[in-house]
Amino acid sequence: MTELIQVIVNGPPDAMPAIVEHVVKSRLAAAGHMARIESTYWWNGQLVHQPEVRATFNTTPAMFDAIKAEVARLHPYETPSIVAVPLHGAFESYVQWLNDVTKL
């Protein structure tokens, strides 16, 4: 079975739709999803509470470095959260579609 990953990126609501569009349109990921979240984190010695959008991208491990570079280039945060987690047990036809759609 081919390994898949999900890349997770949080960011401001006004910036994330364009980032998701760019990553998917560039075929670095087969799909992108967005959900509004409330984030709490430390930044510059202050505890920050703010609305964000969590974007997730379904892709292959081979695309992670390119996604990371593009998100870092487009993201307005100085230190964006860009992480990947493995996906296991995916439906076989979904895996095939994802591999067909992303650049390999």
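The table that follows gives values for the structure above.
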read-out	value
Low-density loop cleavage sites - trypsin sites (Lys or Arg not before Pro) in segment 21-104, where at most 16 other Cβ are within 10 Å (DSSP)	Arg27, Lys103
Quotient of Cα Rg and 2.2 N^0.38 Å for the chain, N being how many residues it contains	1.11
0 to 90° range, to nearest 10: angle between helix 92-101 axis and the chain longest Cα axis	70 degrees
Crossing angle, helix 64-74 versus the chain [Cα axis fit, 0-90 degrees, rounded to tens]	40 degrees
For Thr79, net neighbour charge (Lys/Arg +1, Asp/Glu -1) across residues whose Cβ lies under 15 Å away	0
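Bear in mind that the values in this text are calculations on the coordinates, not laboratory data. All values reported here derive from a predicted model rather than from experimental measurement. Neighbour counts are summed over all protein chains in view; Cβ atoms, including those assigned to glycine, are modelled from backbone coordinates with ideal geometry.
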